[in-house]
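Take a look at the structure below.
The values are calculated or read from the model by the stated rules, or taken from the named source; none is laboratory data. Since the model is a prediction, treat every value here as computed from it, not as a measurement. All Cβ positions, glycine included, derive from the backbone under ideal geometry; neighbour counts span all protein chains shown.
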Amino acid sequence: MKQPGRIPRRHAHSERVRGQFSQAALTSGAGGAAAHSTIRRGADAVDYTLAHIVRFQIAKLREYEARLRADRNCSIKWDYLRAGKIDQPHRVEELQLADIAASAIAAAFECDRFGNTEPRYLIEMAPRLYRQAGNLTSYGLKMHPWNAAAKAAYPWVQAL
């Protein structure tokens, strides 16, 4: 029986590419847009879609993809990733789910106007997140940077 949150082995490589690019888009220039991707059986590459946000046009996404391609430190396997799309969450239900996940993650790490964070939503969602060899922060929840200082600031993440 398939366990919730587990990716079949045949899709493991695509899942890693998907997680890396989605998190890069969420954290490094897509303006906080939720992202989702689709793995099609037998497909050679992963499709991904960003939720439309005000003043974020497809040209800006192409520019961002080009910057990532030019970055020697970027580990995205571009042969396995198709050019991204932008769509509305009311048309793509997976974007609604991505928004829930992105909101839970943001609440856990970004302070509100009173200086508080709320990790409860992420903690509740954590059992459903992808893990590689039991490790959530390898691909299921990509932390940038995930160094000693970040681990010290967020020690509860290791318990997820």
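Suppose we filter segment 75-111 for residues that are among the hydrophobic types (A, V, I, L, M, F, W, C) and assigned to a helix (DSSP H, G or I); how many remain?
The total comes to 13.
Kindly indicate the residue of segment 75-84 that is touching a residue at least 12 places away in the same chain (Cβ under 8 Å) and surrounded by 13 or more Cβ atoms within 10 Å (Cβ to Cβ) and also nearest to Phe56 (Cα to Cα) among those meeting that condition.
Step by step, filter segment 75-84, then rank; the result is Gly84.
More than 28 Å from Asn73 (Cα to Cα), modelled with pLDDT under 90 and of a type in the set (A, V, I, L, M): which single residue out of Ala107, Ala98, Ala133, Ala159 fits that description? Can you show your working first?
Details: Ala107 fails: modelled with pLDDT under 90; Ala98 fails: more than 28 Å from Asn73 (Cα to Cα); Ala133 fails: more than 28 Å from Asn73 (Cα to Cα).
Only one candidate qualifies: Ala159.
Which of the residues belonging to segment 46-68 are in a helix (DSSP H, G or I) and either surrounded by 14 or more Cβ atoms within 10 Å (Cβ to Cβ) or in contact with a helix residue (DSSP H, G or I) (Cβ under 6 Å, 6 or more places away or on another chain) (or both)?
Lys60, Leu61, Tyr64, Glu65, Leu68
Residues Glu94, Glu118: which one is touching a residue at least 40 places away in the same chain (Cβ under 8 Å) and surrounded by 12 or more Cβ atoms within 10 Å (Cβ to Cβ)?
Details: Glu118 fails: touching a residue at least 40 places away in the same chain (Cβ under 8 Å).
So the residue among Glu94, Glu118 that is touching a residue at least 40 places away in the same chain (Cβ under 8 Å) and surrounded by 12 or more Cβ atoms within 10 Å (Cβ to Cβ) is Glu94.
Out of all the residues in segment 134-153, is one or more among the basic types (Lys, Arg), surrounded by 11 or more Cβ atoms within 10 Å (Cβ to Cβ) and not in a helix (DSSP H, G or I)?
Looking for residues that are among the basic types (Lys, Arg), surrounded by 11 or more Cβ atoms within 10 Å (Cβ to Cβ) and not in a helix (DSSP H, G or I), one finds at least one in segment 134-153, hence yes.
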